[in-house]
Amino acid sequence: MDSSDPDIEYLEEEQDVDGLIRALKDRNYLMRKEAARALKKVGDEKAVNALIDSLRYKSWHSDYIILNSVRENSAEALGRIGDVRAVPYLIESMEDDPDDEVRLKSAWALGEIGDGEAVDALITALEDQKWDVRKTAANALGMIGDHHAVPYLIKALEDSDWQVRKYAAVSLGKLKDERAIPLLLDSMEDEDADVRWKAMLALAKMGESAIEPLIKALRNKNWRVRTKSAEVIGKIGGEKALNALISVLLGKYRDNNRHVRGRAAEALGRIGDERALKALQNAQKDEYKYVREKANISIQKILEPPKKTRILNFDNGEVSFDYSDQWEIISTSDAKKVVRGLYANNSITLSLNRNTNVAEVSSHEFAEMLKDVFKVQGSEVIDERDFEKYGMEIYEVYGENHEVTPTSILIVSFKKMDLLYYMWFVGDPTAFDEAGEDIEIMVDSFYIYG
């Protein structure tokens, strides 16, 4: 490196925005790339105009591959800064840039900024030749939340790529538009498991408006669809849901498939209404153990009196959280695994893990890494959600593994600036149901100082 070259690492550390802006125009294209990357982390509105300039494609860029990375990092930096001045230029980049990754990052940035001006362009991007651009556009439309996008997202549920279908379902769940219900019901039969789950979660978010179509789906010829319908109905709850699930276990409409009956029994436990007890007691006599066990658990949940919980607190000066005395919480000397926890009879284990220097990794990106770990382990993602609280980006991923013994897994990540913690719970599914309130206490109370 020439001694006159800017020290990007130092400029980033000092948050010297003016210095990074100068480096963004350096004669050395590698410096430009590193400056744009650093501005993603520093994230200052002063850099918006310079980043817009470095984002825009010029025909001579094709002679220098590294300039693709400059534009890509510039798009991502603009998304993190969130200034609406960048919207027209990000649209231009998403429509016209020849590099797939630049178009993808531009679509992502438009979703992060959330300005309605981008909706039409993102709808057009649902037809992009590259699936990852289409996927990102579908997700961005859900983040913006404009109902004009609904028919196009419904169409995207039929995309040739499963990831596009998946994010179309996720976005339709956010929009909660009844027009999507018939296609989401069809998507519960998608060839890809992740798309099926996202369709279920989207229908659950629709709430009461989805109940009648889901009840009709309980008569579907495909038992897997009936199983998923019962589960979603349990998530929504209410009087109609209660009666429909009871009918799966009792009377002339009793389902002839044990998996459907088991899921219906489980869903009644989720609803928690004592009027379901007769049906569940009948299911306790079912010829299949699977149904009997689901009924037993649900009856316990309905009849069990509320626990009197004594709340304790863990605090190491950087993070704190509450926990019930059902848990044994043990500090460790490992800087990356600061706490481990054991639930009653060691049926669930907890580890609290610490990561630093992760400012460039969004909570969504970290969640995607976690889901890759799930797949490697043979686990299936069942549910996920993200939200913000106390200045933290929070992402929950829940999954199950049935390869050896049935196991439930919950990972909750908490990100604040360049610090990321994640709680990893793993253990017996029945114990997970029992410990649900305790786990909720830990997750809800978790706080990163600073």
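When only residues in the stretch 397-419 that are at pLDDT 85 or above and small (Gly, Ala, Ser) count, which is farthest from Gln15 (Cα to Cα)?
Step by step, filter the stretch 397-419, then rank; the result is Ser408.
Among the candidates Gly111, Gly116, which residue alone is open to solvent by 10 Å² or more (accessible area, probe 1.4 Å) and touching a residue at least 12 places away in the same chain (Cβ under 8 Å)? Let's see the steps before the verdict.
Values: Gly111 fails: open to solvent by 10 Å² or more (accessible area, probe 1.4 Å).
Answer to the check: Gly116.
Suppose we keep only residues that are among the aliphatic types (A, V, I, L, M) and outside any loop (DSSP other than H, G, I, E, B) within the stretch 333-342. Which one would you say is surrounded by the most Cβ atoms within 10 Å (Cβ to Cβ)? Let's see the steps before the verdict.
Residues of the stretch 333-342 that are among the aliphatic types (A, V, I, L, M), as a first pass: 335, 338-339, 342.
From the residues that got through so far, the ones that are outside any loop (DSSP other than H, G, I, E, B) too are 338-339, 342.
On the way: Val338: 18, Val339: 21, Leu342: 16.
Going through the qualifying residues, I end up with Val339.
Taking the condition of being at pLDDT 90 or above and assigned to a loop (DSSP other than H, G, I, E, B), how many residues in the stretch 434-450 meet it?
1
Output the residues belonging to the stretch 192-221 that are farther than 20 Å from Gly142 by Cβ and either modelled with pLDDT of 90 or more or not in a helix (DSSP H, G or I) (or both). Spell out how you get there, then give the answer.
Just the residues of the stretch 192-221 that are farther than 20 Å from Gly142 by Cβ, to begin with: 193, 208, 211-221.
Of everything in the stretch 192-221, those that are farther than 20 Å from Gly142 by Cβ and either modelled with pLDDT of 90 or more or not in a helix (DSSP H, G or I) (or both) turn out to be Glu208, Ile211, Glu212, Pro213, Leu214, Ile215, Lys216, Ala217, Leu218, Arg219, Asn220, Lys221.
So which residues in the stretch 343-363 are loosely packed, with under 13 Cβ neighbours inside 10 Å and at negative phi, if there are any at all?
Step one: of the stretch 343-363, the residues loosely packed, with under 13 Cβ neighbours inside 10 Å are 345-346, 356-357.
Within the stretch 343-363, Thr356 is the sole residue that qualifies.
Would you confirm, using the coordinates I've provided, whether Asp273 is open to solvent by less than 20 Å² (accessible area, probe 1.4 Å), without any contact (Cβ under 8 Å) to a residue 40 or more places away in the chain and not basic (Lys, Arg)?
Taking the combined requirement at face value, the residue does not satisfy it.
Please list, ordered by first then second residue, the pairs with beta carbon atoms under 8 Å, 6 or more apart or interchain, first in the stretch 168-193 and over 21 Å from Leu122 (Cα atoms), second outside any helix (DSSP H, G or I) and at pLDDT below 95.
Sorted first by the residue in the stretch 168-193, then by its partner, the pairs are Glu189/Asn222; Ala193/Glu380.
Against the definition (under 17 Å from Asn282 (Cβ atoms), out of contact with any Gly (no Cβ under 6 Å at 6 or more places or on another chain), open to solvent by 50 Å² or more (accessible area, probe 1.4 Å) and in a helix (DSSP H, G or I)), how does Asn243 come out, yes or no? Spell out the reasoning first.
Values: under 17 Å from Asn282 (Cβ atoms): yes; out of contact with any Gly (no Cβ under 6 Å at 6 or more places or on another chain): yes; open to solvent by 50 Å² or more (accessible area, probe 1.4 Å): yes; in a helix (DSSP H, G or I): yes.
When the stated conditions are applied, Asn243 passes them.
Going residue by residue through the stretch 288-304, is there one that turns out to be more than 28 Å from Gly341 (Cβ to Cβ), open to solvent by less than 90 Å² (accessible area, probe 1.4 Å) and not in a helix (DSSP H, G or I)?
Scanning the stretch 288-304 turns up no residue that is more than 28 Å from Gly341 (Cβ to Cβ), open to solvent by less than 90 Å² (accessible area, probe 1.4 Å) and not in a helix (DSSP H, G or I).
Which members of the stretch 149-164 meet the condition of being of a type outside the set (Val, Ile, Thr) and under 19 Å from Pro182 (Cβ atoms)?
Residues of the stretch 149-164 that are of a type outside the set (Val, Ile, Thr), as a first pass: 149, 151-153, 155-163.
Answer for the stretch 149-164, where residues must be of a type outside the set (Val, Ile, Thr) and under 19 Å from Pro182 (Cβ atoms): Ala149, Pro151, Tyr152, Leu153, Lys155, Ala156, Leu157, Glu158, Asp159.
In the list Leu175, Leu184, Leu201, which residue meets the criterion of being under 20 Å from Ala149 (Cβ atoms), touching a strand residue (DSSP E or B) at 6+ places or on another chain (Cβ under 9 Å) and not charged (D, E, K, R)?
On the way: Leu175 fails: touching a strand residue (DSSP E or B) at 6+ places or on another chain (Cβ under 9 Å); Leu184 fails: touching a strand residue (DSSP E or B) at 6+ places or on another chain (Cβ under 9 Å).
That would be Leu201, the only listed residue that is under 20 Å from Ala149 (Cβ atoms), touching a strand residue (DSSP E or B) at 6+ places or on another chain (Cβ under 9 Å) and not charged (D, E, K, R).
The values are calculated or read from the model by the stated rules, or taken from the named source; none is laboratory data. It should be emphasised that the depicted structure is a prediction, and the values quoted were computed from it without experimental measurement. Cβ atoms come from the backbone with ideal geometry, glycine included; neighbour counts cover every protein chain shown. The area values use the complete protein model at the heavy-atom level, side chains included, leaving out ligands, DNA and RNA. Shrake-Rupley method; radii C 1.70, N 1.55, O 1.52, S 1.80 Å.
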